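Q: For reference, the structure I am asking about is given below.
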Amino acid sequence: MIEVRQLTKTADTGTHRVEILKGINLIIPRGQFAAIMGPSGSGKSTLLGLMAGLDSPTSGQVILDGVEISGMEEDQLAAIRGRKVGFVFQSYQLIPTLTAEENVLLPFDLNGSANGNDGSDGPKRALELLEAVGLSERGDHYPVQLSGGEQQRVALARAFMVRPPILMADEPTGNLDSANGSHVLDLLIEMNRREQTTLVLVTHDKELAARADRCITLQDGRICSDE
Amino acid sequence: MNKSSLPWRTAAKIAIREIAASKSKFVFIALALSVGVGSLAGVRGFGRSFRAMLLSEARTLMAADLSVRVFELPTAEQTQVMDRIVAQGARRTQISETVSMLSAGLSAGPDAPPVLVSIKAVDPAVYPFYGQLGLLPPGRLSEVLRPDTIAVSSDLLIRLDLKTGDRVRLGNQEFRIAAVVDTEPDRMAGSLNVGPRVLLSREALDNTGLIKPGSRSAQRHLFRLDPARQEVEAVRKELKAAFSDALITDFRETHPLITRGLNRSERFLSLISLIALIIGALGVAATMHSHLQQRLDSIAILKCLGARTHQIVRIYLAQTLVVGLAGGLLGCVVGIGVQAVFPLLIEKFFAIRPSTHWDALAALEAITVGLLTAILFTLPALLSVQRIRPSVILRRDHESSGDAWSKRWRAPAPWITGLIIALGIAALAAWLAGGSLADATKTAGIFAGGLLVSLLLMGGVSWGLLRGLKLFLRNPVWKLPSTLRHGIANIYRPGNQAQAVLVSLGVGVMFTLTVFLIQRGLLQQMLASAPPNMPNVFLLNITGRERDGVEELLRSRKEVQGKPEVVATIAARLRTVNGAAVENLKLEGPLRRFRQARAVSQSAEARPQTEVVQGAWWTPESARAFRENHVCVIEDTAKSLSVKPGSRLEWTVGGKPIQAVVACVYKSEEVRMGGNMDFVFSTGSLEGLPLQYFAAARMRPASVASFQRASFARFPSVTVINGADVLEIVQQVVDQIALVVRFISLFSILAGIIILASSVAATRFRRVKEVAILKTLGASRRRVMATFSVEFLVLGLTAGLLGSALATGFANLLLVSLMDAKSRFDLLPNVVAVALSAIIATVSGWLASYRILKQKPLEVLRGE
């Protein structure tokens, strides 16, 4: 479960301060697929980042699976992320110097036998996940040798590698054409169901949001609708 | 597998692949490190192999198993001890060494002045016990050296235009040159090695009349022990008891005098190499910093995936280690070259050459120091990983634009990192300096402190210069041509390591120029600043019988200007200070000299150019009323021994005890022979002792030769030293030292050049794109070249200006504060240094950018 209480975030641009989030309160129960929508600059990605422990809020609380993460040190947050959160980004964000298989395996290398892995099934699971996203033949390819859709599928496989209870996706189809976007989305939802994760997805795409259990809309740093 | 930890294997994999992806950048930083490592490995390797050779060849270098060196003829008791050792089975021979004048007589023409030579008298039947004395033409020493023959070094023949068979005069006797001394095993272990060598038999030396009681000569007693009956340690102890002032060495150790010189040189050159290494490490740090900036996204992704700071640091630490190791290994190859060049640079100092085998330990030491230095300087870049927020991946535009200055100054991390770097460098300097803990700590403190101040100064000044240049560029008043404007603006290109290039190139220029300016300043000072009445000719070894004659000669010769000074002297050994034995006084370091025999003097009245600090000098009248001996003590000595007027001192002079009460403490401003005697006795105190005299006079430089001839004709055993000759010897030594220091400091410049090239490599992609756009917009290759040239030229000029300004400052500081010379500004060397720095920067910048220019714009723009 993800719980957010009175969350605010202010950014210093150097010349002035911008209030990005202005007191957000929400609860996303375990296993729910929640979409966050809103126009550019409404604070969607910032909210996602704060819920994932990628940044610290200016004030308020974020509670992930009963653990309050808002006041944590950087390395404690990293440990929480490693165990509890998987990520899928708009621009794939694979490590360019690692092969597809090594990229999928990376969370396992970083977090060891977290979430019930016995420590020896890492490479096996990486291959299974690559197979699940249809890239079993391309495990030894570097990101630069893969298409955008393929890179995003590798990113999907990586996100599920350590069986995180929560998955955060930031415009996962934003950089893909419609065919590839649709394929990635299908995979994401299918894998989410199979792995029983809580999925939080930031998107501009209403069609995509329509497939979610719940749609939260932000405007000017506030929740304007929650359906 | 360790829970929650990125294995080193994965870290190394990412590190190595990143290196492979940016090869040229990492090759340059490995090169920058290799320069310093090479310099250090070469210096240390040479030192170690030289020391090993000294030890393995100790018998040959001493020509004996055991050597006793003293500056007095042995007493009856000492002779008895040596005879006893011989009776137990040892063989003994005595070598006497001194300096004197040798005249070529008619063979070299009537105008040839006598030459100062270093004389060595041996017993040709037994010398040397070990090693070979090389003669040309080859022959047995006992057959070559007769009572009327000598062997000389080839430089004497060249200097006086002589050949074997010619006749020369030495002291009271004429000799035939029977052979040329080609090699001499114990030359380095000898004393009073000034001027060409003259080798003769002891009998021949007696005939010259040069050695008289009180003469300044070194005596070496060489022993070849009977290994079956004698143990070196026991013999050494026996000799030490008899010769308490002597320098005793045996074959189990390296010669202490040579070792001391070698250790000092090695320590000094190691520290200069460490500076070259630090410059390389600055390059590594700058490159790692820009590399991390380029890897911001990857680091943020790793953090998103749960990587802890230490796990990410592990990747970039592995990268530093890999590059550092590569640089270190490459440096070992450079070190072999440095080690091979060294013997050529110092051949005037050391007559022998060590075998230049590769020294694994020196190489390992240099690699370790290289790696540690690289890690130390990369620390700030590595620790900056902690500040990278994973949210960069989502919204870089909302990242804070940077902490305010006030906040940065208050943050403890940079200060702690700075402290760690300073302490680390101090520890490395202490390690390289070696010696006692106190010495090493002192050297390390001075080195680290000086370096820190220099780097801060350099960093601050280069920051100011770059900032000033930027302001100049932005000022609309200056209507600069676009090529110039664009070229200067390129210095501020993101990722350009302008400040690191300025500091490293500037440090190199500063070092090389400082050494040159000190060398030049010191010698010119010596030449130009001698006051008009300062003596420039010195007469040594004047006996009591010759004294009046020499004074009369000085008075009668018209070449002599002003009043010559004649000073009496004798070797005296201080025994007690206010009743306390000198052995029991706490005398450390240079103060230990008071336990040995030192020259003392006597005077009828206050010495010229002296100032009384405490008490009063005697006058000829007041001295007549003295019931006991009086002595005046120079200020530094009085402080060291804690004596003041009224204190009582006791000496042994020529085997006789002498007591005196301190009449005054004085100081002497003048640097002249005898001007700084520790103890000056009242007239009569040294009565009946075999006093020697020396004289000093001022004469026109052109007249010195004619005076030398006249003096030699009347007093052949009196040594006349021309100040200009001394200056020439000093200049040779200074030139030799400067050559070695310049050679090592060139490595700093090389490191600077490599950093400049690395900076070009680091910004290659930006440059490639920029060139493509410029070419697309119609810029010719020439125009692009001009723009790049301006960038490198300005960097080189600025580094040159920075280095030369600091070099002038440092050189003057050292000249004025340590060497009592005058402050000076030499325009020409500064201009040459700035110009060379600009040329070096431009040429090396060009070499690094050559490939960039060749690329076709379409290739680049398509590849976008």
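The values are calculated or read from the model by the stated rules, or taken from the named source; none is laboratory data. Please read these numbers as outputs of a predicted model, since none were measured by experiment. Note that each Cβ is placed from the backbone with ideal geometry, even for glycine, and that neighbours are counted across all protein chains shown.
Q: Answer yes if at least one residue in region B:105-113 is crowded, with 19+ Cβ neighbours inside 10 Å and either within 30 Å of B:GLY434 (Cβ to Cβ) or touching a Gly at 6+ places or on another chain (Cβ under 9 Å) (or both), and no otherwise.
A: Scanning region B:105-113 turns up at least one residue that is crowded, with 19+ Cβ neighbours inside 10 Å and either within 30 Å of B:GLY434 (Cβ to Cβ) or touching a Gly at 6+ places or on another chain (Cβ under 9 Å) (or both).
Q: Could I ask something else about it? Quick check on this structure: which one of A:LEU185, A:LEU156 is under 12 Å from the mean Cα position of the chain (by Cα), more than 9 Å from every other protein chain (Cβ to nearest Cβ) and buried (at least 19 other Cβ atoms within 10 Å of the Cβ)?
A: Criteria check complete, one pass: A:LEU156.
Q: While we're on this one: Given the conditions (1) more than 12 Å from every other protein chain (Cβ to nearest Cβ); (2) hydrophobic (A, V, I, L, M, F, W, C); (3) without any contact (Cβ under 8 Å) to a residue 40 or more places away in the chain; (4) under 15 Å from A:ALA169 (Cα atoms), and given that A:ALA35 satisfies all but one, which numbered condition is not satisfied?
A: (3)
Q: Looking at B:LEU269, B:LEU292, B:LEU239, B:LEU282 in this structure, which one is at pLDDT 80 or above, in a helix (DSSP H, G or I) and in the same structural domain as B:ALA433 (by TED's automatic domain parsing)?
A: The unique qualifying residue is B:LEU292.
Q: Looking at this structure, is B:GLN602 farther than 30 Å from B:LYS212 by Cα and either within 36 Å of the chain's Cα centre (by Cα) or of a type outside the set (A, V, I, L, M, F, W, C) (or both)?
A: Taking the combined requirement at face value, the residue does not satisfy it.
Q: Just one of the numbered conditions (1) touching a strand residue (DSSP E or B) at 6+ places or on another chain (Cβ under 6 Å); (2) small (Gly, Ala, Ser); (3) within 21 Å of A:ALA155 (Cα to Cα) is not true of A:GLY60; which one?
A: (3)
Q: While we're here: Residues in region B:608-631 that are of a type outside the set (Phe, Trp, Tyr) and either part of a loop (DSSP other than H, G, I, E, B) or under 30 Å from B:ILE248 (Cβ atoms) (or both): how many?
A: 8
Q: With the structure loaded, tell me whether B:GLU605 is in contact with a strand residue (DSSP E or B) (Cβ under 9 Å, 6 or more places away or on another chain), free of Cβ contacts under 8 Å to residues at least 60 places away in the same chain, among the acidic types (Asp, Glu) and assigned to a loop (DSSP other than H, G, I, E, B) or whether it fails that test.
A: For B:GLU605, the condition - in contact with a strand residue (DSSP E or B) (Cβ under 9 Å, 6 or more places away or on another chain), free of Cβ contacts under 8 Å to residues at least 60 places away in the same chain, among the acidic types (Asp, Glu) and assigned to a loop (DSSP other than H, G, I, E, B) - is not met.
Q: Consider only pairs whose beta carbons are under 8 Å apart and that are at least six residues apart or on different chains; among these, list those whose first residue lies in region A:129-153 and is in contact (Cβ under 8 Å) with a residue 60 or more places away in the chain and whose second residue is crowded, with 19+ Cβ neighbours inside 10 Å and part of a helix (DSSP H, G or I).
A: From region A:129-153, the pairs are A:GLN152/A:VAL184.
Q: How many residues does region A:12-46 hold that are assigned to a strand (DSSP E or B) and closer than 25 Å to A:LYS84 by Cβ?
A: 13
Q: Just wondering, is there one or more residues in region B:11-23 that are surrounded by fewer than 20 Cβ atoms within 10 Å (Cβ to Cβ), more than 14 Å from chain A (Cβ to nearest Cβ), part of a helix (DSSP H, G or I) and of a type in the set (A, V, I, L, M, F, W, C)?
A: No, the conditions are met nowhere in region B:11-23.
Q: Additional query: For the condition buried (at least 16 other Cβ atoms within 10 Å of the Cβ) and in a loop (DSSP other than H, G, I, E, B), what is the one hit in A:ILE80, A:ILE95, A:ILE63?
A: Step by step, each of A:ILE80, A:ILE95, A:ILE63 is checked, and only A:ILE95 is buried (at least 16 other Cβ atoms within 10 Å of the Cβ) and in a loop (DSSP other than H, G, I, E, B).
Q: Filter region A:5-32 down to the residues that are among the charged types (D, E, K, R) and within 14 Å of chain B (Cβ to nearest Cβ), then identify the one that is nearest to the chain's Cα centre (by Cα).
A: Checking each candidate, the answer is A:LYS9.
Q: Before we move on, is A:VAL62 closer than 30 Å to B:GLN294 by Cα and within 14 Å of chain B (Cβ to nearest Cβ)?
A: The answer is no for A:VAL62.
Q: Further, regarding this structure: Going through region B:249-266 one residue at a time, which ones are modelled with pLDDT of 75 or more and in contact with a Leu (Cβ under 6 Å, 6 or more places away or on another chain)?
A: The one that is modelled with pLDDT of 75 or more and in contact with a Leu (Cβ under 6 Å, 6 or more places away or on another chain): B:ASP250.
Q: Which one of the conditions (1) touching a strand residue (DSSP E or B) at 6+ places or on another chain (Cβ under 8 Å); (2) within 21 Å of B:THR719 (Cα to Cα); (3) assigned to a strand (DSSP E or B) does B:ARG547 fail to meet, given that it meets all the rest?
A: (3)
Q: Let me ask you something else. Give region B:303-318 a look and list any residue that's within 7 Å of chain A (Cβ to nearest Cβ) and crowded, with 23+ Cβ neighbours inside 10 Å, or say none.
A: Once the filter is applied, which keeps residues that are within 7 Å of chain A (Cβ to nearest Cβ) and crowded, with 23+ Cβ neighbours inside 10 Å, region B:303-318 yields B:LYS303, B:CYS304, B:LEU305, B:GLY306, B:ALA307, B:ARG308, B:GLN311.
Q: Between a first residue in region A:80-100 that is over 22 Å from B:LYS13 (Cβ atoms) and within 8 Å of another protein chain (Cβ to nearest Cβ) and a second residue that is among the acidic types (Asp, Glu) and buried (at least 22 other Cβ atoms within 10 Å of the Cβ), which pairs have beta carbons less than 7 Å apart while being 6 or more apart in sequence or on different chains?
A: Close Cβ pairs satisfying both conditions: A:PHE89/A:ASP170.
Q: Here are some residues: B:ARG44, B:ARG51, B:ARG59. Which one is surrounded by fewer than 23 Cβ atoms within 10 Å (Cβ to Cβ), assigned to a helix (DSSP H, G or I), under 19 Å from the mean Cα position of the chain (by Cα) and of a type in the set (D, E, K, R)?
A: B:ARG51
Q: Tell me whether region A:165-174 contains one or more residues that are polar (S, T, N, Q) and touching a strand residue (DSSP E or B) at 6+ places or on another chain (Cβ under 9 Å).
A: no
Q: Residue check: is A:LEU106 in contact with a Lys or Arg (Cβ under 9 Å, 6 or more places away or on another chain) and in a loop (DSSP other than H, G, I, E, B)?
A: It is false that A:LEU106 is in contact with a Lys or Arg (Cβ under 9 Å, 6 or more places away or on another chain) and in a loop (DSSP other than H, G, I, E, B).
Q: Same structure again: Looking at (1) in contact with a Leu (Cβ under 8 Å, 6 or more places away or on another chain); (2) farther than 18 Å from B:VAL392 by Cα; (3) at pLDDT 85 or above, which is the one condition that is false for A:GLY49?
A: Of (1) in contact with a Leu (Cβ under 8 Å, 6 or more places away or on another chain); (2) farther than 18 Å from B:VAL392 by Cα; (3) at pLDDT 85 or above, only one is false for A:GLY49: (2).
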